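To start, the structure under review is shown below, and the notes come after it.
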Amino acid sequence: MKILKVVILSLLVAPAYAHSHDEKSKIASIAPVAVKQDKNEFIKTPTLSFSGDVAFELGLVDNKIKKNEDIQGVRMGMGRLFLNAKAEGESAEGLIYSFNTRIFTNAENSKKNTVKDGSGVDIREAVTVFDRVWLEMKGRGFGTVHVGNYVGAYNAMVEDSSSIFGGNGGAMSGNWSAYFTLPHGVIKDYRQTADTRASTKLTYYTPRFEGFQVGASYVPRSDCYGMISQYEQKPLNGGSTGQNIFGVGVNFAKDFSGTAVKLAAAGLKGTAVDKDGKTDTLEDVLSWEVSARVTSGPFDIAAGYLDNKKSMIEKTPTKFKDAGGIYDIAASYTLGAAKIALGGLWTSRTLINDKSATLSAYSVTVDYTIQKGLYAYVDVTKLEGKTDDDEAKKANSGKEIGNSNSGYVGFIGLGVSF
């Protein structure tokens, strides 16, 4: 009878949504009803919550491509679409458990960059998937466990300039690369080489003690999406995977008289497997990154550095001598309903001839909250990609794209969050 009462009460609870533009805090929960229970039964009825963020944007591109046509024009597409659901319960022993899902539209892949008779960008349908499904368990004093398809500790514990930029992410977002052509071999993504995104993994986070927290993740086997080529929707080397990948992160967060300081470091180690399943042709995974963020009143600044060492490149290199390094920095100022941010991203990797392939990206983003849950943004990025490779690679169209491409990508967006 007691369990039946709990079920009836849970059906009578109405959802109350909380609104926020910050994706990390977008969890709206149904108010739990406390029920007196015997030991080993629920002390709260299970709750169901929803959150989401949907934005559409105009994209303006001016891409100067040497030895080929320029790409110019205005395009319209989906900036992002996230729909999250969470079912959570708590036991009498204090164990909080939840089942979580996220529907995600891959806006980056929905706009494939092509060079075709000067016509510019082809717009294709976005791919909508359940990209994250995971279980979370946390208890008093023993930390948090994630099991399933979710980002690892090496992602979640770092706060670089992606936490500062507004718009659709500025230089730290993949959206601009859906419109912009880069020379072959130039790193476009801020990722560790063996980043497994939201593939199936086991992750544990310790409780925070004196400002410190440690997290660790284990991935048995997964495609690795760091450093993917702009012209290949596959991992590095046309299909490389990683196995037995371990990721570790540590961060420190503390408030000093109104100034919040966050420091973090993370790394990945594992075995690289080529597209034929061989482990003796690629260098093992070994990469690391560090970040720092300082917030004081309306001011916010963050920076990061990532070094991929030789992770997953060929042991007998034919194109590149290393997997590259990445720097980033951004600062923002918030005034009422408006926030402005500016910063940059710089990537570099060494070619087999000891020359380099580089990217410089500078961004300005402006966000404005029109009213609760409704927002608009402007996002402008200046880009320049260069390679010293004398035999510049070709895009999908088979046309020469040259050794140096530069230009701008701008977005004007309107979105709703709940």
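Some notes on this structure:
- Qualifying residue in the stretch 219-237 (condition: surrounded by fewer than 22 Cβ atoms within 10 Å (Cβ to Cβ) and at pLDDT 95 or above): no
- Boolean, ALA272 is more than 30 Å from THR318 (Cα to Cα) and out of contact with any His (no Cβ under 9 Å at 6 or more places or on another chain): no
- Only one entry of GLU88, GLU69, GLU93 meets the criterion of being in a loop (DSSP other than H, G, I, E, B), of a type outside the set (Lys, Arg), surrounded by 14 or more Cβ atoms within 10 Å (Cβ to Cβ) and at pLDDT 55 or above, and that entry is GLU69.
- Once the stretch 344-391 is narrowed to residues that are touching a residue at least 40 places away in the same chain (Cβ under 8 Å) and not in a strand (DSSP E or B), the residue that is nearest to GLU314 (Cα to Cα) is ASP389.
Okay, residues lined up against (1) crowded, with 16+ Cβ neighbours inside 10 Å; (2) small (Gly, Ala, Ser); (3) at pLDDT below 95; (4) out of contact with any Pro (no Cβ under 9 Å at 6 or more places or on another chain):
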| position | (1), (2), (3), (4) |
| --- | --- |
| GLY325 | yes, yes, yes, yes |
| ALA331 | yes, yes, no, yes |
| ALA337 | no, yes, no, yes |
| THR350 | yes, no, yes, yes |
| ASP354 | no, no, yes, yes |
| VAL364 | yes, no, no, yes |
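- Residue count for the stretch 256-293, restricted to those that are more than 16 Å from SER311 (Cα to Cα) and touching a strand residue (DSSP E or B) at 6+ places or on another chain (Cβ under 8 Å): 12
- Qualifying residue in the stretch 246-261 (condition: modelled with pLDDT under 90 and within 20 Å of the chain's Cα centre (by Cα)): no
- Neighbours by Cβ (under 8 Å, 6+ apart or cross-chain): first from the stretch 254-276, touching a residue at least 60 places away in the same chain (Cβ under 8 Å); second among the basic types (Lys, Arg) and buried (at least 18 other Cβ atoms within 10 Å of the Cβ): LYS262/ARG293
The values are calculated or read from the model by the stated rules, or taken from the named source; none is laboratory data. Computed from a predicted model, the values in this text were never measured in an experiment. Quick reminder, even Gly has a Cβ in these numbers, built from the backbone with ideal geometry, and neighbours come from all protein chains shown.
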